[in-house]
Amino acid sequence: MTARAGLTGRSIIAGWDGAGSGESVRAVDPASGQELNPEFEFVTEAAVDAAAVAAGAAFDVYRETSPAERAGFLERIAAELDDRREAIVDRACLESGLPRARIEGEHGRTTGQIRLFAREVRLGSHQGVRIDEAQPDRAPLPAPDVRQRHIGVGPVAVFGPSNFPLAFSATGGDVASALAAGCPVIVKAHNAHPGTAELAGSAVAAAVEACGLPGGVYSLLFGAGRVVGQALAAHPAIKAVAFTGSQAGGTALMATAAARPEPVPVYAEMSSINPQVVLAGAAAGDLEAFAAAYVGSLTLGAGQFCTNPGLLFVPAPAGGLVEAIAAAVAEQTGQVMLTAGIRESYHEGLARLEAAGADRGATGSDGESANAPAPVLFTATAAQVLESPDLQEEVFGSAGLVASYESMDELRAVLEALPGQLTASIHMTESDHAAAAGLVPVLERKAGRLIANGWPTGVEVNHAMVHGGPFPATSDPRSTSVGTLAIRRFQRPVCYQNFPPDLLPDAVRDANPLSLARRLNGEPQL
Ligand code: NAP
């Protein structure tokens, strides 16, 4: 494959130059509603098969790359993305309507997380090596020599969301963590930002070529989720699925993966309202500053974040605090949403909250674009939220619901009733610590990330981060889609019992030629 100079509208599949399905999509500038060039040709099922077969064929070569080779490949991807930065940022701004500063930040996050995974691969701790040496003299039976390492599961299908055209897309965290695990990747490009996907995907294809890897290590497919995406998830060569987006899309892929003759895991990150609990001490502080910070998080990126703080619990009577928040919301102007479809589902979400009995507390102003609806604040009681599943459901966009609670018992009861979440925050002063301690066990069961005195938007990419949580926040609460622990999703342990030394992989050899941190007979071996 030769490097692509610009947009072609064609999928990236090693060695494939077959015909398209006849269907296609054009990106739309969400601010103006104008269609953009070029047309992106949807692939046929034969092309899905070609990509999956190529990924399967590449697996054994790719997974046996040394830590240095694999880290070098990841670093090359980051460098190729940096080389294409201007073009990628320009196109992502055009296709998403997101401000340039946000997209520039996302580009930096994307290359930063790829480089973080490269460092992790070099360190090698993700290989999770454990060695239990033979005990020939053990009575009554000798113990065998057993050596464990983690290997990649096989080719991974990745579905990114509309709201992160870079950090969760064609070269996002799922792609980086699967490649770090030693798995070839096939991305189903999102139809809201196909040009961004092609430009970023071309950077990976260039790195594959530069590093002399098989072309099947990375493919990017254009097509409809319900056709191409489903065919991909059902393909026998695919051994895991990573998804970020709507609950409907995630659960459809879970059903497909579970119904295969060989079911495979799906790591879907879907929906969350990220409950915010304000305790009495915090509610007696600087209300205007608190309201400004809350509304800043609520309206960031037009509220189109899975970490958006959709539900805020405040102690009754909540007068002053609700008034301060309402005043801050009323001053806000709508920002361009990602697609007309997302704007429509935002309006449906507002109608759902009203129908469920929430009161409209304040409405900001519409933006200049027809696709920039006003932020809205709703109010209700905690008792109403407890009774109504509709008030517990995420509205994707800048819609906040403030619910007042009468007692800590009522607050605990409503938190217990909430579905699984990505995050939960407690806003408190020192005088609230005893009350907060009573909530922590409930929130630990509900969410993957608990935050003290902070807002959930903005997710650090590091080693300790958990961007996950119980269903429906994700399909598998044992994992995270952000941070280096994300690699674990795409690995499985293999052990070698009584293997001759010359047949052992380097990771588990006595001499530790890769200098890995390992456990020897249960003890750390550095
Ligand atoms: P999405 O519609 O779920 O799409 C994500 C990706 O999955 C796309 O590539 C899509 O393909 C594919 N897909 C969707 N349904 C599928 C199915 N049944 N089978 C196979 N693949 C499927 O997510 P989104 O575009 O980010 O958001 C759209 C809607 O989800 C909005 O209404 C939004 O309110 C809601 N939502 C999003 C998030 C988020 O974090 N992104 C969170 C909560 C709610 P196509 O391009 O062909 O559709």
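Tabulated data for the structure shown
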read-out: The range 215-230 residues that are near the ligand (Cβ under 6 Å from one of its atoms), paired with ones that are part of a helix (DSSP H, G or I) (beta carbon under 6 Å, 6 or more apart); value: Q230/T256
read-out: Residues that are among the basic types (K, R) and crowded, with 16+ Cβ neighbours inside 10 Å, drawn from the range 432-451; value: K446, R449
read-out: Of all residues in the range 325-345 being under 21 Å from R102 (Cα atoms), within 14 Å of the ligand (Cβ to nearest atom) and not small (G, A, S), the one that is surrounded by the most Cβ atoms within 10 Å (Cβ to Cβ); value: M337
read-out: The range 2-41 - residue that is without any contact (Cβ under 8 Å) to a residue 24 or more places away in the chain and acidic (D, E) and, of those, surrounded by the most Cβ atoms within 10 Å (Cβ to Cβ); value: E35
read-out: Answer residue from the range 387-431, given it is polar (S, T, N, Q) and away from the ligand (no atom under 16 Å from the Cβ) and is most open to solvent (accessible area, probe 1.4 Å) among those; value: S431
read-out: Breaking point among (1) surrounded by 18 or more Cβ atoms within 10 Å (Cβ to Cβ); (2) modelled with pLDDT under 95, for L94; value: (2)
read-out: Enumeration of residues in the range 124-154 that are modelled with pLDDT of 95 or more, of a type in the set (G, A, S) and either open to solvent by less than 10 Å² (accessible area, probe 1.4 Å) or within 24 Å of V241 (Cα to Cα) (or both); value: G128, G152, G154
read-out: Every residue from the range 182-197 that is more than 16 Å from the ligand (Cβ to nearest atom) and touching a Lys or Arg at 6+ places or on another chain (Cβ under 8 Å); value: G182, C183
read-out: Failed condition for A434, given (1) assigned to a helix (DSSP H, G or I); (2) more than 16 Å from the ligand (Cβ to nearest atom); (3) under 17 Å from P275 (Cβ atoms); value: (3)
read-out: Single residue of the range 262-298 satisfying the filter (within 16 Å of the ligand (Cβ to nearest atom) and among the hydroxyl-bearing types (S, T, Y)) that is farthest from A330 (Cα to Cα); value: Y267
read-out: Qualifying residue in the range 42-64 (condition: at pLDDT below 95, closer than 14 Å to G215 by Cβ, open to solvent by 80 Å² or more (accessible area, probe 1.4 Å) and not small (G, A, S)); value: no
read-out: Close pairs from the range 150-163: first within 10 Å of the ligand (Cβ to nearest atom), partner part of a strand (DSSP E or B) and of a type in the set (F, W, Y), Cβ under 7 Å, at least 6 apart; value: F159/F243
read-out: Selection within the range 24-46 - closer than 28 Å to K239 by Cβ and out of contact with any strand residue (DSSP E or B) (no Cβ under 7 Å at 6 or more places or on another chain); value: T44, E45, A46
read-out: Extreme residue, nearest to E269 (Cα to Cα), among residues of the range 198-214 that are more than 16 Å from the ligand (Cβ to nearest atom) and touching a strand residue (DSSP E or B) at 6+ places or on another chain (Cβ under 8 Å); value: V204
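The values are calculated or read from the model by the stated rules, or taken from the named source; none is laboratory data. Since we're looking at a predicted model, the values are computed, not measured. As a convention, Cβ positions derive from the backbone with ideal geometry for all residues, glycine included, and neighbour counts pool all protein chains shown. Note: areas computed on protein heavy atoms with side chains; ligands, DNA, RNA excluded. Shrake-Rupley method; radii C 1.70, N 1.55, O 1.52, S 1.80 Å.
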